[in-house]
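*Asks:* Below you'll find the structure I mean.
The values are calculated or read from the model by the stated rules, or taken from the named source; none is laboratory data. Quick caveat, the model's predicted, so the values are computed rather than measured. Virtual Cβ from ideal backbone geometry, glycine too; neighbours counted across all protein chains shown. To get the accessible areas, we keep the full protein, side chains included, count just its heavy atoms, and leave off ligands, DNA and RNA. Shrake-Rupley method; radii C 1.70, N 1.55, O 1.52, S 1.80 Å.
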Amino acid sequence: MEKKQKIILVTGATGFLGSAVTRRLLDSGFKLRLLIRKRNNDTLTTSFGREGAIKEFILGNQFDEYLLEQNSMAGDRMGADESLYDLFLSNVEIFGGDITSRDLGLEKNEFKRLCYEVDEVFHCAAATHFENQRADELMTVNVKGTENMLQFANTGKQKRFHYISTAYVAGKQNDIVYENELVDEEPLFNNEYERSKFIAEQVVIKYAKGDEIPYTIYRPSIIVGDSKTGATCKFDNLYTFAKVLFNIRNALINHNSENLNDITVRVPGVPDALINLVPVDYVADAIVAILKEKETADKIFHITNPNPPELGELRDLLMSVLEINGIKVKIDGPMEHKHLSAIERLFLRQTRTYYSYLFSRLRFDCRNTQSVLKRAGITCPAITKDLAKVIVGFAISHNWGDRKRTKLQEVEMA
Ligand SMILES: NC(=O)c1ccc[n+]([C@@H]2O[C@H](COP(=O)([O-])OP(=O)(O)OC[C@H]3O[C@@H](n4cnc5c(N)ncnc54)[C@H](OP(=O)(O)O)[C@@H]3O)[C@@H](O)[C@H]2O)c1
């Protein structure tokens, strides 16, 4: 690595991926400036309570499993005598702001200081919901917010720009998508979230090329919990399916235990659809390894699983991990014109957001990423039964996210 102690401005540090990357950037010795979303009447930078909670949240000790991860990271730093907490105290400054404002919601003097002292921008903040009714918010946060961050990167000192996109800017294509392929034309999208991320990515490339800002685009696929501990603070995608199956199993066992063998639940999809899952520790490790290399500027990286499971395999893994015996779950194509049972209707209603992904055979080339990761000794964990057990086990033991972000929310409400 070149010069240590670079200053990186991070957005989205309170989020699922942003917090994992923030911990690793700290551990790598960078100085960080965190732009944390300021809420109404927030006294973010002065209130010890909120700041303390953010530290806890970013350092990830709201779940015991994060502490385990922290300890294992400390163990990896041979001879390191500073804990992440100490590193946080000495190397992090927190700024309350909002990426949707042109001045990032910062005080004038703060904005100016950051413009001149920050070396690189790590832009991870985004609106990440799949609700098309809230498309305006997606466009404002994801597109306008990214434009504002680019503007910041180009004001004062010119800064390298790291942008977290998504592999699903590829939309509804059913082919292989290459990292080096620049798509000009909008594909069909599964939802407005994908569209907003596609437009934002185009903005990054156009703006960065025009102003000669070195940029790196990271495109993760579907992120799930930590591969060693299962820890996550976000319980969408895979968890939605696992939770519905878990609830169906419990309901049937409670009400119908004698006839379990007779029940077939038809679900939408094709058995060979590819579900590209990546554990958050792999994604964060990969991003930091790529970010540290100078040669990765002006390139795109698919942070995807080189061997993604098929939907049929994933169904079998979940059934086995959730110990669903006797009930058959049949992946049965489109559901639109079928007469559905009450259970099938329930399944469909609760997983509707992800319907089109269950038919996707989209593949992601990830050779740019793999060549960096090979040098760094990082490999993508295979989606095995053991891994599924860890991931689903964490979700069950944390009641599918009912406890998520409690500390931060408690302080916010106080
Ligand atoms: N999770 C996935 O499976 C996945 C897959 C591919 C790509 N990605 C990309 O990875 C990035 C992180 O995703 P995630 O899953 O970690 O999301 P997340 O948990 O929802 O976190 C989003 C972050 O953005 C912040 N944010 C939102 N609006 C903001 C605003 N106006 N000003 C400042 N900060 C704002 C949030 O702050 P608050 O804490 O205040 O809400 C939070 O820290 C996103 O760019 C997403 O598109 C995610």
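*Asks:* For segment 77-207, report the convex hull volume of the alpha-carbon atoms normalised per residue, in Å³, without decimals. List each step's numbers first, then the result.
*Replies:* On the way: hull volume 21.1 nm³, N = 131.
In segment 77-207, the Cα convex hull volume per residue is 161 Å³.
*Asks:* Let me ask something else about it. Send over the semi-axes of segment 154-228's equivalent ellipsoid, whole angstrom and largest first, taken as the square roots of 5 times the C-alpha gyration tensor eigenvalues.
*Replies:* Details: eigenvalues 113, 59, 24 Å².
Equivalent-ellipsoid dimensions as semi-axes: 24, 17, 11 Å.
*Asks:* Okay, next question. When only the heavy atoms of the protein chains count and the probe is 1.4 Å, how do Met149, Met319 rank by accessible area, highest first? Provide the component values of the computation, followed by the final result.
*Replies:* On the way: Met149 0, Met319 25 Å².
Descending accessible area places them as Met319, Met149.
*Asks:* Can you work out the accessible area per residue across segment 184-316, with the rest of the protein chains kept in place, probe 1.4 Å, in square angstrom?
*Replies:* Per residue, segment 184-316 has 39 Å² of solvent-accessible surface.
*Asks:* Could you pull out the pairs from Lys228/Lys385; Lys159/Lys206; Lys299/Lys374; Lys159/Lys292; Lys228/Lys328 whose alpha carbons sit more than 19 Å apart here? Please report the intermediate quantities before stating the final value.
*Replies:* Numbers: Lys228/Lys385 13 Å; Lys159/Lys206 16 Å; Lys299/Lys374 17 Å; Lys159/Lys292 14 Å; Lys228/Lys328 30 Å.
In this structure, Lys228/Lys328 exceed 19 Å between Cα atoms.
*Asks:* For the chain, which semi-axes, largest first and in whole Å, follow from the square roots of 5 times the eigenvalues of its Cα gyration tensor?
*Replies:* On the way: eigenvalues 268, 118, 87 Å².
Output for the chain: semi-axes of 37, 24, 21 Å.
*Asks:* Sticking with this one: Please report, to one decimal in angstroms, the Kirkwood hydrodynamic radius of segment 225-300 built from all distinct Cα-Cα pairs.
*Replies:* One decimal place: 16.3 Å for the Kirkwood radius.
*Asks:* A further question follows. For segment 344-395, state the semi-axes of the equivalent ellipsoid (square roots of 5 times the eigenvalues of the alpha-carbon gyration tensor), sorted largest first and rounded to whole angstrom.
*Replies:* Values: eigenvalues 188, 69, 12 Å².
They are 31, 19, 8 Å, listed largest first.
*Asks:* How much of the accessible area of the chain, probe 1.4 Å, is carbon plus sulfur, in whole percent? Let's see the in-between values first.
*Replies:* Working: 9130 of 18850 Å².
Percent of accessible area from carbon and sulfur atoms in the chain: 48.
*Asks:* Counting only Cα atoms, I'd like the Rg/Rh figure for segment 323-363, Kirkwood definition for Rh.
*Replies:* Rounded to two decimals, Rg over Rh is 0.99.
*Asks:* OK, next. About its Cα centre, how strong a charge dipole does the chain have in debye, to the nearest 20, once Lys and Arg get +1 and Asp and Glu get -1 at the Cβ? Could you put the intermediate results ahead of the total?
*Replies:* On the way: 54 positive and 57 negative charges, 44 e Å.
Rounded to the nearest 20 debye, it is 200 debye.
*Asks:* Check which residues have an amide H placed less than 5 Å from Ile303's amide H, if you skip close sequence neighbours.
*Replies:* The list, which skips near neighbours in sequence, is Arg219, Ser221.
*Asks:* Let me ask something else about it. Once Rh is set to the Kirkwood radius over Cα pairs, what Stokes-Einstein translational diffusion coefficient, in µm²/s, holds for segment 186-264 at a temperature of 25 °C and a viscosity of 0.890 mPa s?
*Replies:* Working: Rh = 17.0 Å.
Approximately 144 µm²/s, per Stokes-Einstein.
*Asks:* Of Glu117, Glu185, which has the most accessible area and how do the rest follow, probe 1.4 Å? Mind dumping the intermediate values first?
*Replies:* Working: Glu117 45, Glu185 155 Å².
The ordering from most to least exposed comes out as Glu185, Glu117.
*Asks:* All other residues with a Cβ under 11 Å from the Cβ of Ile275 taken together, and with Lys, Arg as +1 and Asp, Glu as -1, what is their net charge? Intermediate values should be presented prior to the final figure.
*Replies:* Working: positive: Arg315, Arg361; negative: Asp272, Glu310, Glu313.
Charge balance in the 11 Å sphere: -1.
*Asks:* A follow-up question, please. For the chain, modelled as a GNM with alpha-carbon contacts under 10 angstrom, which of Phe246, Phe301, Phe152 fluctuates the most?
*Replies:* Sorting by GNM fluctuation, first place goes to Phe246.
*Asks:* Taking the chain as a Gaussian network, Cα atoms linked when under 10 Å apart, which of Val203, Val280, Val143 shows the biggest mean-square fluctuation?
*Replies:* Of Val203, Val280, Val143, the Gaussian network model singles out Val203 as fluctuating most.
*Asks:* Given the DSSP H assignment, sum -39500 (n - 2.57) over each helix run of at least 4 residues in the chain and divide by its residue total; what's the result at 222 nm in deg cm²/dmol, nearest 500?
*Replies:* On the way: 15 runs with 170 residues, N = 414.
That comes out to -12500 deg cm²/dmol.
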